[in-house]
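The values are calculated or read from the model by the stated rules, or taken from the named source; none is laboratory data. Computed from a predicted model, the values in this text were never measured in an experiment. The accessibility values were calculated without ligands, DNA or RNA, using every heavy atom of the protein model including side chains. Shrake-Rupley method; radii C 1.70, N 1.55, O 1.52, S 1.80 Å.
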Amino acid sequence: MISLRDNMPLISHGEAYTTGFEDHWLQNALMQAAHKAGYENWWLAGHVTESVKRFLDGHYHGTVVTTARLHKAVRSVLQVIGYGEVAEYFAPSPPPVTVPLAELADKAGNGYELAFFDLLSSEIDKLQGAGITNMRFSGLPYAVKKMCEAKRWKSSCTTLRNEILYFLRARLSSGSGDGVVAFSLS
């Protein structure tokens, strides 16, 4: 049996990617829409987020919901509570997708930094091709130590970590073409 976190369905981005539901992502998107609609400090974002979560938990019977279906549900909630003008501006980017750097390092193998960067570049291409503009890269310390064949952090680890960070900054600032790409690294 597969148990979904908080009984919430996963959110699908096309056919290639799924992510977990994140309250802060939806709340931020609602705050941005409210701001565009003229509400500076819109206090209902948290309540709308909870309403959407209750709908998904209690009335949605699938394990995966598309971003289009989720957006429709949010717009419906906004219309029902009398904030149609916020619904008009509600067009969030998909929630962040996590790229596990540890898995890429395992695939590349010990000491194969070039293979790692090639795998990372391919993953970024796939994400951007699917319209993902918010990415999380996790497992950096493990990936670096694996590729440096180090049990403890050493100067070569710091050098490789900096190279990965530089690579991500350069790759994501030049590759999106039509928008801003946000990323975090841990």
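With axes computed from alpha carbons, what is the tilt in degrees of helix 113-129 against the longest principal axis of the chain, rounded to the nearest 10 within 0 to 90?
20 degrees
Using only Cα atoms, tell me the angle between helix 23-36 and the longest principal axis of the chain; keep it within 0 to 90° and round to the nearest 10.
It is inclined by approximately 60 degrees.
Treating only the Cα positions of the chain as identical point scatterers, give the base-10 log of I(q)/I(0) from the Debye formula at each q in 0.15, 0.18 Å⁻¹.
-0.93, -1.13
Could you count how many Lys pairs in the chain have their Cα atoms under 30 Å apart, skipping same-chain pairs fewer than 8 positions apart?
14
With angles folded into 0 to 90 degrees, how steeply does helix 45-58 sit against the dominant principal axis of the chain? Use alpha carbons for both and round to 10.
It is inclined by approximately 90 degrees.
Assign one of three labels to region 94-137, namely rounded, prolate or oblate, based on the Cα gyration tensor with a ≥ b ≥ c the square roots of its eigenvalues; rounded applies when a/c is under 1.5, prolate when it is not and a/b is larger than b/c, and oblate otherwise. Each step should come with its number before you reach the end.
Working: a/c = 3.82, a/b = 2.03, b/c = 1.88.
Prolate.
Which percentage, to the nearest 5, of the DSSP beta bridges contained in the chain is antiparallel? Write down the numbers at each step before the final one.
Values: 3 of 14 bridges.
Of the beta bridges lying entirely in the chain, close to 20 percent run antiparallel.
Given the whole protein assembly as supplied and a 1.4 Å probe, what does the accessible area of LYS72 come to in Å², nearest 10?
LYS72 exposes around 130 Å² with every protein chain in place.
Can you pull the Kirkwood radius for region 81-186, inverse mean 1/r over Cα pairs, to one decimal in Å?
On the way: mean 1/r = 0.0664 Å⁻¹.
In region 81-186 this quantity evaluates to 15.1 Å.
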